[in-house]
Structure formats: structure tokens, C-alpha cells
Amino acid sequence: MGKTNLMCHILDNEEARGAVVRIYDLSRPCSVDAAEKVYRISREVVSLANINSRVIVGIDGLPPDSEHATHREARAIRKMAAAGAYVLVAIRPEARAIIELLPEAKVVGTKDLLCGEGMADEPVRWGFTHGIPALEHAFTGPAASRVIGCHDAVTAKYVEALARLSSEYLRDGLDEEERVLRATLMLLGSGELASVREILPRADDEALLWLRVSAPLFDVNLVDSGFSVAGLRDDSLLERCLPILRGTCSKWNDLVLGVVWALSRRGDYARASIVGSMVDDPEELSAIGCRWGEGLLFSGQREFLNRCLAAADDSGVRASPGYLKSRQLILEVDGRLSEANRGRMECADLLAESGRHAFDWEVCRLVADCRDRVVSVCGDIAQSGGKSCATDAALVLHGKVMGLLAEGELKRAFALMLDSPLRREPKTLPAALLCDDFALVSALLGERLTAEERRDLATAGRIVEGASPRRLGVYRRTVSRALGVVMGRAASIRGIERAINRAGENGDVLVETSFLLAAAVADLRAGGCTRAHVRASRAICLAERGGSAYLGDVAKLMDAAILLSLGEGVATVAKNADLSKPALRDLVRLLLHAVGGSPSPHKPFERLSKARCDREVLWVVSFLANDCGEVSRAFRSVAPHAWTELIDEEPPAREYAQDPLEDNPSEEEGLLVLEEPTDKTYRINVLGGFSVYSEGKLMDPLKFGARRARDLLIALALTPGHELRRHEALRAIWGETDYADGMQKLYEAVAAARKVLRSQELGVDPFRNIRGSGIIALNPECVGTDVDVFLSEVESVLADGAGDRAAMDHARLVRRAFSTGPCGLGNDPIGVWGDATRALGASFADSMASGISAALRLGRPLLACQFAESALEVAPGREDLLVGLVRSLAELGRMVEIEQLRKDYRAKVKKGEMVPCPELEEAFREAMRRRDDESLGE
């Protein structure tokens, strides 16, 4: 509080001036009572005062005592003062009785020690400190050790000071009723006094007023009927101090339950989940989940809701309306379509049996309508019936926007959301989805977001990831990366295959279609024309199945450009390019004219204008003009100047969203970043796609197609030491066994690569020829590769003595660096690429296994689950990865997936495809013990 600190400063100052100084701490345990100790101190001080002219005495921690003992202490203090000594006494509010016995004493109250009470010009600072000296000192300390994202000046020192102060405010010396009141205020953090009286009906104004006077940590305002607690009003700080608060009063469990319900009633579900983590009673957890399931899910508190519904399973209330509603919302938001449809049937049966009044179906129906809009093009979304709240209105608007996006009406969607307050400062999942919708549409139209909108996006990301980590969270991260390709200069989309598969499993047809189109752009940019054609063809079929004419037309247009790049005849391409959207018909006609297949080059556009580029097709125009090689060059030659001028502008910053677990290092203490070499002239990336940077600028990957230069660079980048014997290079790339003929091909490939890399102009040689050794290699002095960065991070994960935090952080970087694995060679006759891929995959799997263990020990099951899923794509069936996946899924309460894993495992063991693994079987049994066998989707 600063009293002891002030007293020590005064004593130090007096000692420096030559006074005799003594300080006594009465808070330490002793066999002698406090009154006797003060009496003995007085005798010693009187003796000192008789032989010294200036004696200063400090007494700290004087405890409350009986009336007789307090009178004795007062007499001893008067005796010291009468002898000429100056006496400083630091007391707590509960020991204030001694002040009444010493009316001649000068009293410095708690309020007198506060730093700048009010601080109207710094309300954020005041909210963290309330002017308390200990918090002020910690708050203004060095911010190099930031551990929390709530404010730049919140440091580890501040957190420690707040925890220590919180413990002091709940000390055993206080009576039980006051401790309960203080603990209640701390758990609530801030709000109206009415919520306090709901929990503690006996809390009167007198007790609250005394708290305001004696305990500045609590800013109680009886006029406005509000309160706030310094620091603890912030959820992340409460979470860190929670272990100190636990069990500080006799009826702690009842108090915690009361706070959880009060927080839920006022809609503060994030804080309710933090406080609810201390609830252990299954019946109480079940009641919370059934009553507040919607709010918990929509605020991103999925893990706590899973725990509540698991308790409901154990309590036998699975047939209650509240349970069914909460479970159905989870299935609609984060489950497969088949599971959601089964749940809808169960809810319909309940409605038929008990009537609509027994089951609030409205929000479930709206969420289901929004879900259906990523499956197929539907009619207008039904308006919410009865009283409409902000959540319902946001769901209706989100459904409308989804429908407009499926039809390519980007401008209408943008206009619909531009002035809507529903997307501002998102606090619920529907608002977060609207915020993401607006950012996506803005990016596709080439618009930039404001700083406020970017902050809203960060909040939206946390909500979406918390509410739907398996479905919407995956989609969100993938859309973010896909925009870097579609609207930027990136050449690959990390995790796109996983996202496409996940969308297919979930039955989200239009999402799968969109991801296929984005993947086709990335493939084409990386030189994979055939792969891009396969993806575009599949997207055409899915768009037809989903009833989206717009996505179907886009897929046909892209496929036409791809086929022309592959050398397909114009007539053949034109037969399959019959589009329904006027703007896209204009583009395909211009494309065919560019490659010499249009008989009427001067025919006017149906929809587009030569004077300006329609922003709704901006990304399509950019694709046609940049990513199709010779076809793009031909398209540019006939495209209006206004179009090419617009698409050649610097693309907007990639601001759609960030991966909350991987791309936002400020949220985690010690989170590292990939240390990519900056001193190299060239950087070759072969993990997650092929790309080459020269002096930090991305080069056109299509230029490396000549003379197999691309394959040579990939083969060298993947090979240990980045070197190959020449005969190995010949056989690996060309399958050539004739050394004389092959050497000419190798020479041409090297010359083509040097030409594209402008080695002569830059004065550096990317290749290192070792004369007489028959070896060709990359020059390590000027060439860096992402494989080197990846292997460096692998070593950091597997290093002896690496702590859990370091192992987990480096495993994140390994996962980021590996992406989707090595890009392919044109062919691989002797298995060079296959050997390198297997070796890198084994290193990746080893790193992920170590990261899984570290993440689970640190209480990060979601991250451990992501590690396991990524590694199993590379090393399917690896037992330690499966064990880690089962344990992390069990922590997350995702029993449907565990059940499926167990079925697959048993089937493979029965067929002889897997050997029985005792550790994996034990993991399954442990998961089943924690949860009932039936999953939420059954």
C-alpha cells in the first residue's frame, strides 16, 4: 500500500542526517504478544533517547488487538514520544482503534498516499493502478518483459505486484464477511453494485463506503452505483491472479457460483468462463451449460461450454431443451453437416412433443440458415420472429452477405455492411463473422481497412477461433492466406489441402469450391498448370452442385485460361466457356480475342467498361493478367490501359486476419519468429510451393520453366548440403544416362537459371562448381533456402535441455516453415525428391511429437491438436502422434473425433495394417473415462 515504503524512506533520510534509527516489524510470528513487544520497544527507545539528541522509531505491522492490549500499546507509544523520540507507526485499517487513543498524533491516511487520485487525463492508467504506489511503480517499470496484451506498460513486475496486493487484501486478519465482499468485487472486476447485492444480499452501503475509504484497490462509487477493481477488471490479469484468490473464504464454492451466474446475466461470458474454471460440481456445471450455452459459445468460450455439457452428460440431462440447444449450436458452428442435420431432427422432434414455448429454436434456426448458405445457394434468409436482438440481426445480415458473395455481388454486400454498427467492436460470434465478411469483401474490392477495423479483426479472430476451432477457425486462417495469393504476390497457401479436405468433410460445398479456386491460382503461379486444371475442373462440378452460377462461371473462366496456357486449342476452350454472368462473359471474350480466337474484337462489352476496371472482377482480371504466362502477356496486350494500370498498383497490405495461434507473437510470452537470412542475394523456397526472391523481391516463377531450371533449383535446395554429383543431377531431373548428352542439358539449365537470376548483372554466381569433383551445388555465400531455416528450427525443438516453452514455440515455427511440404519435381526417375521428402517429413513429425508433449504440459491442448493433425498428414499412422492427438482431443472435449479415431485404429489392427499399441489403447481408455461414450453428434 505504500505505508511501509514511506516509513522506510523517512527513516533512511533521517539516518543519513545523523539520527539514530530503529525499525521494528510486528507482523512476524513471535511467542510474545504485540502489546508486550511494544512495551519492550518503548523501554529500549527511552534508553536511546536519554543518550541521543534525535531518535526515530518505525513500527510496522501493528495488528488489531483487544481493548486492554490496545490501551497498553498507546501508553507505550506516548512514553516514547515523551522521551523525545519520533515514532512512526504503520497500521492496517482493522487496527485503527489505536488512533482514537492517540488524538495528538498526526494521521496520514491511505488516500494521502495515492498518486494523482482521479487521473482524469489518464483513465486507462487509473484503471490499472487507482494511484496505489506499489502498482504505479510496477506499471511504469521497463516494458521489455511484456506478458499480457492488455496494455504496453503491463509487465511481469506489475502482475507480481497485483498478485501480492490481492493476497494482502484478502488476509486472514479481516473478518469473514469483509473478505467475502472483497473477493466478490475482485471476481466481478467491475460493474454495478446491484450485481454485488444479488450475490451478497447483506452487503449494505456502510460496508461499501468503508471499503472505498480503507481499500483503494476498490473504486466504489455509491452515487453512480458502480465499482471497479484496479487491474483485476482485466480478464487476463484476473486469470493470472486466480490461484491466489482461490479458497480465501469459507463459502468459496457458493461465492464462485454466484459470480458466474451474475457475470453470465450481464453477458460477460469470457470472465464467467475464467471464474467458472473453479467450479467442480457436475450438477452446477450442467446448469450453467444448459442455461448459458448460447452466450458461452458465441463469445468464444467453447472449451468451458464443452466441460459444462460433458458434466450434463454425466448428470443425465441430455434430453433437456437447454442441453439440446447448446449442443445443436455447437454442431451448426463447428460440426459436420451430417451431424448438424441429425441434431436438427432431434430438435424438431422436441418441438413437436413439447411445443415451441419449451425450446427457443429461433437462434438455432438462424445459425442453421447461415450454415446452409455455405452448402448451396438458398433463397432469402428468414427474418427472426418475435423480438429481434443484436445477435439475431447480425445472423440475418451475415446470411444475406453469404448469399451475395455466392452470387458475386461484392458491391451490394459491401454497401450492406459499410454503415452497419453490428460489425463494429465484435463481442459475439455473429458480429465477428460480419467483421470478417466486411474485411473479405474489402480485400476483394481492393479497399484498405482503417486502424479501428483492423483492431476489430483481431478481436473477431479470437472469438471465431475460440468458438469454432475445427471449422470456422480453419476457414478463417485459410482465407487470410488465400488473399495473399489472390490479391497479393504470394505463391503458395499454407495448409490449403487440409482446408479443402476439412470443407469437404464438413459438407461446406461453396467453401470447398472457393478454396479450390484460390489453390488453382497458387498452383498456376508456382508452375503447376496441370494441377491447377484439375482443381478448376473440380470447382466447376462443386459449384454446379451448390447452385452458384457465379462460382461456376469463375471456375470455367479460370479453367479456360489454364487450358490455353497448356496449349489447348482456342476452339475447344471456347466450347466450354459458356458463362451466365455478363461481366465474366466480357472477360472470356477478351481472353479468347487475346489469343487469336475471337472473330469480333470490336464488339462492345456487355457489362464492363474500358474506361475503368470493375472492382467486382478485379481479382479475376489480376489473375488473367499476371498468372497465366504467355496467355497473360497476350491478355495484357488487348486489355484496356485503365485495367492494367489498376492491377499493377501495389496490392493492399494483407490485413484480413491473422492466425491467432501462429502469427500474433505479442499475445504469447517468448513467442519466436522465423529467423530468415537477410544477407543473401537469393532465397529459394521449396516448402509449400516454389518461389525465388532476388534482393528481397519475388521473381516470376514461370520464368524458371525453361530448360528445367526450376527442377534443378528444387533438387539442389532439397538435397543435403545443396549439392549433387552431376550424373545424379542428370538422372534425377532428366532420367539421362548418357553423360555426354546429359551434360549439355545440365549446362543449359544452369545457364537459364543464371539468366533469370541476373547473376552477371548482380555480380554473383548462384552456383558453385567444384572443379575436378563432378559436383554442382548452390553457392552458400549468396543463396539461402527455406529448407535450411526449417532444419535449424527442427534442431531447436529436439535440442537436449530445451524447455517446454522453447520446444512449443520452435515447433510452431517448424510447422510454419514446413507448410505443405516440399514442392514436386517434374519427374523423379531415381527417387531424389522422394528421399528428400521422406527425410524432411520424418524431421517434421519428430518436431511435432516433441511440440505436442510440450503443449500438453503447458495446458495448450488446441495447439497440441493442431501439431498432431499437421504431422499425421505427413506420417499417417505414427503411434506417438496418434497418442498426442487423442490426448489433446480429450482435453478439448471433442469426443466425436476420438470415437472415429478408435474405430479406424481397431479396423486397421484387425486387417493387420497396424500393430496393437498399448500406449494408444490406454489413451483411448483414458479419454473414455473422462467423457461418456456418446458424442455430442450422436
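Between A82 and T450, what length in nm is gained on full extension when 0.36 nm per residue of separation is reduced by their alpha carbon distance?
125.5 nm
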Checklist entry - What spacing in nm lies between the two simple spin-label points modelled at D349 and E160, each 7 Å away from Cα in the Cβ direction? => result 5.9
Item to check | Spatially proximal lysines relative to K680 (Cα-Cα < 24 Å; intrachain offsets below 8 disregarded) | outcome: K697, K703, K755
Checklist outcome for this item: For 526-537, 17-28, 287-298, 869-880, ranked highest to lowest by mean beta-carbon neighbours within 10 Å, the order is 287-298, 526-537, 869-880, 17-28
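When N is the residue count of the range 475-571, what does its C-alpha Rg come to as a fraction of 2.2 N^0.38 Å?
Relative to the rule-of-thumb radius for its length, the range 475-571 sits at 1.02.
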Item to check | Helix-only mean residue ellipticity at 222 nm for the chain, each DSSP H run of n ≥ 4 adding -39500 (n - 2.57), per residue, nearest 500 | outcome: -18500 deg cm²/dmol
Checklist entry - Where a ≥ b ≥ c are the square roots of the eigenvalues of the C-alpha gyration tensor, would you call the range 371-498 rounded, which needs a/c under 1.5, or, failing that, prolate if a/b is larger than b/c, or oblate? => result rounded
Next on the checklist: Accessible area per residue for the chain in Å², computed with a 1.4 Å probe and the full protein assembly in place, what is it?
Outcome noted: 44
Item to check | For a label point 7 Å along the Cα-to-beta-carbon line of Q900, residues of the range 861-875 with backbone N under 17 Å | outcome: 865-874
Checklist entry - By how many degrees, 0 to 90 and rounded to 10, does the Cα axis of helix 362-372 deviate from the longest principal axis of the chain? => result 30
Item to check | lysines whose Cα lies under 29 Å from that of K610, excluding same-chain neighbours fewer than 8 positions away | outcome: K411, K556, K575, K581
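Using R₀ = 22 Å, calculate the FRET efficiency as 1/(1 + (r/R₀)^6) where r is the Cβ-Cβ separation of Y693 and Q760; round to 0.05.
Values: r = 19 Å, r/R0 = 0.84.
The computed FRET efficiency comes out at 0.75.
First measure r as the distance between the Cβ atoms of R212 and D314, then evaluate 1/(1 + (r/R0)^6) with R0 = 41 Å and state the FRET efficiency to the nearest 0.05.
Details: r = 44 Å, r/R0 = 1.07.
It comes to 0.40.
If you roll a 1.4 angstrom probe over the protein chains with everything in place, what fraction of the accessible area of the chain belongs to carbon and sulfur, to the nearest %?
Looking at the chain in its full context, I get 50 percent from C and S.
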Checklist entry - What would the Debye formula give as log10 I(q)/I(0) at q = 0.12, 0.15, 0.19 Å⁻¹ for the alpha-carbon point model of the range 828-897, no solvent? => result -0.34, -0.48, -0.68
Checklist entry - Got a sec to turn the phi values of the range 467-476 into Karplus ³J(HN,Hα) couplings, 6.51 cos²θ - 1.76 cosθ + 1.60 with θ = phi - 60°, whole Hz, x for Gly and Pro? => result 7, 9, x, 7, 10, 5, x, 5, 4, 4
Checklist entry - Taking the alpha-carbon centroid of each part, what is the distance from the range 64-106 to the range 706-726 in angstrom? => result 86
Checklist entry - Could you sort M487, M848 by accessible area so the largest value comes first, with the probe set to 1.4 Å? => result M487, M848
Item to check | Degrees separating the helix 337-354 axis from the principal Cα axis of the chain, which is the longest one | outcome: 60
Checklist outcome for this item: The farthest towards the positive end of the charge dipole of the chain, of the residues I776, V196, L687, given +1 on Cβ of Lys and Arg and -1 on Cβ of Asp and Glu, is I776
Next on the checklist: Helix 282-298 against the longest principal axis of the chain: what's the angle in degrees, Cα atoms only, rounded to the nearest 10?
Outcome noted: 50
Checklist entry - Say each of L418 and R75 gets a label point 7 Å from the Cα, pointing the same way as Cα to Cβ; how far apart are those two points in nm? => result 8.5
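Could you tell me what % of all Cα pairs in the chain have separations over 44 Å?
45
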Next on the checklist: Report the gain in length on full extension from E283 to N341: 0.36 nm times residue separation, minus Cα-Cα distance, nm rounded to one decimal.
Outcome noted: 18.0 nm
Checklist entry - Gap in Å between the Cα centre of the range 181-237 and the Cα centre of the range 433-488? => result 38
Next on the checklist: Please compute the modelled spin-label separation between Y39 and R17, points set 7 Å along Cα→Cβ, answer in nm with one decimal.
Outcome noted: 3.4
Item to check | Cα principal axis extents for the range 220-354, largest first, Å | outcome: 50, 29, 27
Checklist entry - Separation of the range 392-416 and the range 870-885 by C-alpha centroid, Å? => result 39
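Once R0 is set to 56 Å, what does the formula 1/(1 + (r/R0)^6) return for the Cβ-Cβ distance between R725 and S637, expressed as a FRET efficiency to the nearest 0.05? List each step's numbers first, then the result.
Details: r = 45 Å, r/R0 = 0.80.
So, using R0 = 56 Å, E works out to roughly 0.80.
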Item to check | Where a label projected 7 Å from the Cα of R96 along Cα→Cβ would reach, residues of the range 208-226 with amide N under 11 Å | outcome: 209-215
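The values are calculated or read from the model by the stated rules, or taken from the named source; none is laboratory data. No experiment lies behind these values; they were computed from the predicted model shown. Glycine gets a Cβ as well: all are built from the backbone with ideal geometry, and neighbour counts include every protein chain shown. The area values use the complete protein model at the heavy-atom level, side chains included, leaving out ligands, DNA and RNA. Shrake-Rupley method; radii C 1.70, N 1.55, O 1.52, S 1.80 Å.
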